[in-house]
Structures are given as structure tokens and as C-alpha cells.
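*Asks:* Starting off with a structure, shown below.
The values are calculated or read from the model by the stated rules, or taken from the named source; none is laboratory data. As the structure is a prediction and not an experimental result, all values here were calculated from the model. Cβ coordinates were reconstructed from backbone atoms using ideal geometry, including for glycine residues, and neighbour counts include every protein chain displayed.
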Amino acid sequence: MEGNQQRFGMSAALATPFSADQTIDQDRLSAHAGWCLDNGCDSVTLFGTTGEGPSLSAAERATVLARLQADGVPGDKLVFAVFANSVGDAVEQIRVAYGFGARAVLVAPPSYFKGVTEEGVAGWYQAVIRQLGDAARDILLYNIPSLTGVALSVDLVGRLRQSHGPSIVGVKDSSCDWTVTDPLVRAHNDIHILVGDERDLAAAVRLGAAGCISGMANVFPHAVAGLVRGQDDPFLSGVVDAINRYPILPAIKTLIAENTRIPAWATVRPPLVPLSAGEGRQFVEAVEALKQSPAA
């Protein structure tokens, strides 16, 4: 990639559908991935935060990938999220993704040990890339400190690019903090800086961000596409504000259930719990009110 000429675009942070017994509903997953791609998404991101990735086993991930491949979803439309504490586990997950021809891998930092130094985090990523060897490619660093407890600073990203630049093609910033996003885009907009908070996406794109991995693309891909073109959208900002008043992942799945008219979409895996019936109604009514507002 020369500079940031090749835009990453919009990737749906794909939610994972579960049946009543909390097994993955493969039919619904394939259908939903296809729907996202047919409605403007450039790729779908599997097993990320919105996809409840840390709650899925390695065998389940492999089954999902095989099924998507069998259903005609090409590897270059897939981003594969990686959550691991050991270098070996991260390498194993990444090799599975590469084996299916994944467009990129989204790699979160190790999160069990707290209070680690930037040197330690850099050393972990460097060890992963060294073990991948010549196969290492298309690594997106995942900055989501609210869940990992580990912040990837501008300097840390620069340090990793200096040591393993060709392998690292971008950062997904889910800090949901403009004071983090702004300097990250300004310092590293020659690679793919992807924004997780739709409220900041358009402004970040105007600064040079390359696109997004978006939970809202599960429901409103056409609206998110406008943000990726640098166009503000008060409606989507309002929806994100509404989601943040509830447990976020159950709220997103409630919204998908409402959009698809498939109640089972609201099912989440432990340790998450779905919104209560009252919370769900209240949330859906808030989103419907936003649709009716003049700003929408």
C-alpha cells in the first residue's frame, strides 16, 4: 500500500446469531453476512467484540469460516478478529485466518495481566509477528482499552510500524475518545486507521481515516456508508447515544432482531444477558423516535 490510496471502506462488525440453545445459527450467520455485503459493506469482520468473539471456541470459528466459504463468501471479504493472551494462541488463530484467505486479521493486545508497560505490549506483538515469519501480513492492531485494559498509543503504533512495518496495515480505534482518535489519524493516516465509534467516523475520515469496522453496519449499512464518505449523520449519532444507555452488545442484537423481525437475534451468550423485555421496548421506541425526528 502506497500511502493511504487504497481505502479500507466499511466492514460490518458482524454479530453472531445464536439459536435458543446458544449454538451458532450457521444459516442465519451466512445469510446475514451476505446481506451486509449486498448492502454496501466492503467486508465483514468475524469474531470481534460485536460478534462476541471471546465467547466462541476455536472449533466454532473454523466451522463458521468453512461454512462461509462453502456459501460463496470469498476470503478477501473477511476480516478475522483475534483475542488471545499467549503468543502461541494468537499465532494459531491468525494462521487459521490466513488459511481461509482472510483480507486482514484484527489483533487485540493480551489483556489478562494489568498494568503492563508499552514495552511489554510491543514485545508481545513483535513475538507474534516473528513466529508468523514470512507469512505475516495485513495485521490490524485493535485498540479497545475499555475491554482489554490496554491502550495502544500513537507512540506504540509507531514503534510497531518501525519494527514490523510491512506486516501492519492499520489500527482499529475503538477508544470512543476523540482525544485519542484525532492524534492517531493525524500521525498514522498513511495506513488504515479505522474508527469504531460512528459518532466520530465522519470527522475522522475528513482527517484521513480509511473507514470503519462498524456495529451499526449490521442494521444501517447505507447510513454508515455516508459516514465513510465524510458525511455527518445526526440520526446514527443518536442511535449510538441510545445504545450506550444499555449494555451495548445486547442492545445491538435487539436492534438487529427488530430490523430483521427475527426475535432470536436478541440471544447472547453468557456472561452476557439480553435486555429485559421492558428495556428492549424502551430502546426500540427510542430508535423509532429518532427515525421520526427532523434531523433524521
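*Asks:* Pairs, please: C-beta under 6 Å, at least 6 apart or cross-chain, first residue more than 10 Å from Ser43 (Cβ to Cβ) and in contact (Cβ under 8 Å) with a residue 60 or more places away in the chain and in segment 62-87, second assigned to a loop (DSSP other than H, G, I, E, B) and of a type outside the set (Ser, Thr, Tyr)?
*Replies:* So the pair list comes out as Ala81/Phe47; Ala81/Gly48.
*Asks:* I've got another one for you. If only one of Asn218, Asn143 is of a type outside the set (Val, Ile, Thr) and out of contact with any Pro (no Cβ under 9 Å at 6 or more places or on another chain), which one is it?
*Replies:* Asn218
*Asks:* Moving on. Can you confirm whether Val273 is farther than 21 Å from Asp173 by Cβ and either modelled with pLDDT of 95 or more or hydroxyl-bearing (Ser, Thr, Tyr) (or both)?
*Replies:* yes
*Asks:* Sticking with this structure for a sec: Filter segment 112-164 down to the residues that are touching a Gly at 6+ places or on another chain (Cβ under 9 Å), among the hydroxyl-bearing types (Ser, Thr, Tyr) and at pLDDT below 95 and list them by number.
*Replies:* Across segment 112-164, there are no qualifying residues.
*Asks:* Of the residues in segment 259-293, how many are in a loop (DSSP other than H, G, I, E, B) and either hydroxyl-bearing (Ser, Thr, Tyr) or surrounded by 14 or more Cβ atoms within 10 Å (Cβ to Cβ) (or both)? Let's see the steps before the verdict.
*Replies:* Step one: of segment 259-293, the residues in a loop (DSSP other than H, G, I, E, B) are 261-262, 267-276, 293.
Add one more test, that the residue is either hydroxyl-bearing (Ser, Thr, Tyr) or surrounded by 14 or more Cβ atoms within 10 Å (Cβ to Cβ) (or both), and what stays is 262, 267-269, 272, 274-276, 293.
Qualifying residue count for the region: 9.
*Asks:* Another one. Do you know which residues across segment 127-162 are over 22 Å from the mean Cα position of the chain (by Cα) and surrounded by 15 or more Cβ atoms within 10 Å (Cβ to Cβ)?
*Replies:* Residues satisfying the conditions are Ala127, Gln131, Leu132, Arg159.
*Asks:* Taking segment 169-223 on its own, how many of its residues are assigned to a helix (DSSP H, G or I) and among the small types (Gly, Ala, Ser)?
*Replies:* Of the residues in segment 169-223, 6 are assigned to a helix (DSSP H, G or I) and among the small types (Gly, Ala, Ser).
*Asks:* Would you mind telling me which numbered condition in (1) in contact (Cβ under 8 Å) with a residue 40 or more places away in the chain; (2) buried (at least 19 other Cβ atoms within 10 Å of the Cβ); (3) closer than 28 Å to Phe283 by Cβ Gly170 fails?
*Replies:* (3)
*Asks:* Please give the number of the condition Glu60 fails out of (1) over 16 Å from the mean Cα position of the chain (by Cα); (2) farther than 18 Å from Val268 by Cα; (3) of a type in the set (Asp, Glu).
*Replies:* (2)
*Asks:* Would you be able to tell me the number of residues in segment 36-52 that are without any contact (Cβ under 8 Å) to a residue 40 or more places away in the chain and within 14 Å of Met10 (Cα to Cα)?
*Replies:* 3
*Asks:* Given the residues Leu227, Leu236, Leu255, which is the only one that is without any contact (Cβ under 8 Å) to a residue 40 or more places away in the chain, under 14 Å from Pro17 (Cβ atoms) and assigned to a helix (DSSP H, G or I)?
*Replies:* Within the list Leu227, Leu236, Leu255, the selection yields Leu255.
*Asks:* May I pose another question? Name the residue, out of Ala84, Ala59, that is part of a helix (DSSP H, G or I) and either hydrophobic (A, V, I, L, M, F, W, C) or modelled with pLDDT under 95 (or both).
*Replies:* Only one candidate passes the filter, namely Ala59.
*Asks:* How many of the residues in segment 143-168 are of a type in the set (S, T, N, Q) and not in a helix (DSSP H, G or I)?
*Replies:* Of the residues in segment 143-168, the ones of a type in the set (S, T, N, Q) are 143, 146, 148, 153, 162-163, 167.
Among the residues that remain, those that are also not in a helix (DSSP H, G or I) are: 143, 153.
Adding up the residues that qualify gives 2.
*Asks:* Is it true that Leu140 is farther than 18 Å from Glu119 by Cα, in contact (Cβ under 8 Å) with a residue 60 or more places away in the chain and either of a type in the set (Ser, Thr, Tyr) or part of a helix (DSSP H, G or I) (or both)?
*Replies:* For Leu140, the condition - farther than 18 Å from Glu119 by Cα, in contact (Cβ under 8 Å) with a residue 60 or more places away in the chain and either of a type in the set (Ser, Thr, Tyr) or part of a helix (DSSP H, G or I) (or both) - is not met.
*Asks:* Checking Ala81 against (1) surrounded by fewer than 24 Cβ atoms within 10 Å (Cβ to Cβ); (2) touching a Gly at 6+ places or on another chain (Cβ under 6 Å), only one condition comes out false. Which one?
*Replies:* All conditions pass for Ala81, except number (1).
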